[in-house]
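Take a look at the structure set out below.
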Amino acid sequence: MTRKLYIETVGCQMNILDSELVVADLRKRGYEVVGNPAIADTILFNTCSVRAHAEDKIYSALGRLREAKQRDPSKIIGVIGCMAQNHQHAVFKRAPYVDLVVGPGQLHQIPTLIDEIVAGGGRKIEVSLDRSGGPRRDVERSFESYDPLRDETMRPSRYQAFVRIMIGCDKFCTYCIVPKVRGPEQSRPAAHIETEVRKLAEEGCREITLLGQTVNSYRHTDGGVTTRLSDLLYRLSAIEGIDRLKFVTNYPKDMTQDLLEAVRDIKECSHYLHVPCQSGSNEVLKRMKRNYTVEDYREMYARIRETVPDFAVTSDFIVGFCGETEEDFEKTMELVAESRFKNSFIFKYSPREGTKADELWPDDIPEEVKRRRNNDLLALQNQISFEDNQPFLGRAVEVLVEGPSELARKHEAQAHEVRAHGSNSSDENGEAGAGGAPNADGASNADGVPHDHVHGPLQLVGRTNCDRIVVFDGNPRQIGRILPVTIYDANSFTLFGEVVTEHVGPEVYSISL
Ligand code: SAM
Ligand code: SF4
């Protein structure tokens, strides 16, 4: 019997990739992906523990399933990923109707564990060793890199893919739960990464984003030869079909000159670097144990500007960290004002049990102060992003077309519901892939393009080489291509443009499209 799988993913790109791989693994075994938990017999939540809010969301979602499980005890409910590793048996205590708890280092076990539960084996838990749970080698082994064969239909876009090059983290920033839930830092062998990227390129993938918590710390030694991220980028850029290479997230201290020169010299490297700073105050950085000063960050930033002047740089900041004064916060505002990041991801500090900061200091910044600082920093960054997007007006940029825009997807989903039901009622058989893209056997293909999209322009979205989002009218045949687009409007987050038609050539439409 075909099992119907519903999966919901919270968190970072690592989690999106993990969900893609779990789904691919289960689909190989005959599972069908559905977009509605009401019709699923297997419901998985791939979870995040970085902030309390992400965990609260999952417990609320689990709470909403309590009755469904009472009505149909054969439904399997699973919590996988970081919160599973963080809370372990406590998940069963808070939600006793959960059947499966699997940490991020044990995802390969999911298909077998589900089979055992279906066969009446009772609930299952598989997590990795705690960081202090044994010798480092044993702890490392208990966090297996999970990189099974890919399934192109499960990616949000078949032309783009995430590829993991490292797992875990050893930096132990005092606020961060990642080293606990994702385990020790381990780099994957370069040859494995190369094989995976070659296979993705053969499937038509044009853009690869390499993932690691501190991706620029990548280092793998094999037969006495050490491969750094810069070496890896040279190897991957030589693979036929790969047009764009990105890598996230960078650790400021490890932004070496060889890496900056590699991204300058390799034409496939995107002109984009994400290098989180976290705070503009040395006192706060010290308590965060980031191992650099604001002066170090400024020096690194100046080297980026010198080596690759046109690169877009983005950052992360935490506001309201333990003991953060108004003066500390003002220093963060100053750093953002002077650096003119393309974008900043701003988070209110969320104490995490099991971290040094939680153990050592009270969460002493009131919520309203955190909120105000968050809003002030966001307003400043948005103003900078708006101003820095204006020079694009009237310019042609190269855009890798990812697929229909959010708006186009919404319109199509509504139109599909009307076609299916003759009204706007909710679609019990709604289908969605792991990345939210409509599923191939539903109303759309792997790019989220409706099979019956024939008439009129389709609003498309893509990204420039410097990772700016561009929205423009086009047609499904342009998805996966790199096109010149002239920009006519811009806000803080998006450039709006028109395809430069003289470069495109005649479009040939198949009647069956
Ligand atoms: N490895 C990346 C790095 O070192 O920058 C980022 C990992 S973390 C998943 C993403 C971002 O979440 C961090 O850059 C930080 O700004 C934020 N973050 C991590 N722990 C947090 C916490 N306890 N409260 C609020 N934000 C947090
Ligand atoms: Fe967390 Fe710091 Fe590691 Fe990033 S470098 S994952 S913030 S501990």
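The values are calculated or read from the model by the stated rules, or taken from the named source; none is laboratory data. As the structure is a prediction and not an experimental result, all values here were calculated from the model. All Cβ positions, glycine included, derive from the backbone under ideal geometry; neighbour counts span all protein chains shown. Heads up: the accessible areas ignore ligands, DNA and RNA and are worked out on the full protein's heavy atoms, side chains in. Shrake-Rupley method; radii C 1.70, N 1.55, O 1.52, S 1.80 Å.
Overview of results
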quantity	calculated
Candidate aspartates and glutamates - alpha carbon under 18 Å from Lys356, same-chain residues fewer than 8 apart omitted	Asp130, Asp170, Glu283, Glu324, Asp364
Cα-based Lys proximity count in the stretch 1-133, under 25 Å, for pairs eight or more positions apart or on separate chains	16
Residue-averaged [θ]222 nm for the chain, counting only DSSP H segments that reach four residues, each worth -39500 (n - 2.57)	-10000 deg cm²/dmol
Protein-only accessible surface order, largest first, of Val485, Val499 at 1.4 Å	Val499, Val485
Distance in nm between pseudo-label sites at Ala52 and Asn491 (7 Å out along the Cβ direction from Cα)	3.2 nm
Those lysines that a straight Cα-Cα span of less than 24 Å connects to Lys246, excepting residues fewer than 8 apart in one chain	Lys171, Lys199, Lys267, Lys342
The stretch 212-262 - charge dipole about Cα centre, Lys and Arg +1 at Cβ, Asp and Glu -1, debye rounded to 20	180 debye
Extreme residue, positive dipole direction of the chain, given options Ile117, Cys12, Phe329 (C-beta unit charges)	Ile117
Percent accessible area from carbon and sulfur atoms, the stretch 124-267, protein chains only, probe 1.4 Å	49 percent
For the chain, cysteines whose Cβ has no other cysteine Cβ within reach (under 4.7 Å)	Cys12, Cys48, Cys82, Cys169, Cys205, Cys269, Cys277, Cys322, Cys466
Packing-based ranking, highest mean first, of 140-147, 471-478, 459-466 given that Cβ atoms within 10 Å are counted	459-466, 471-478, 140-147
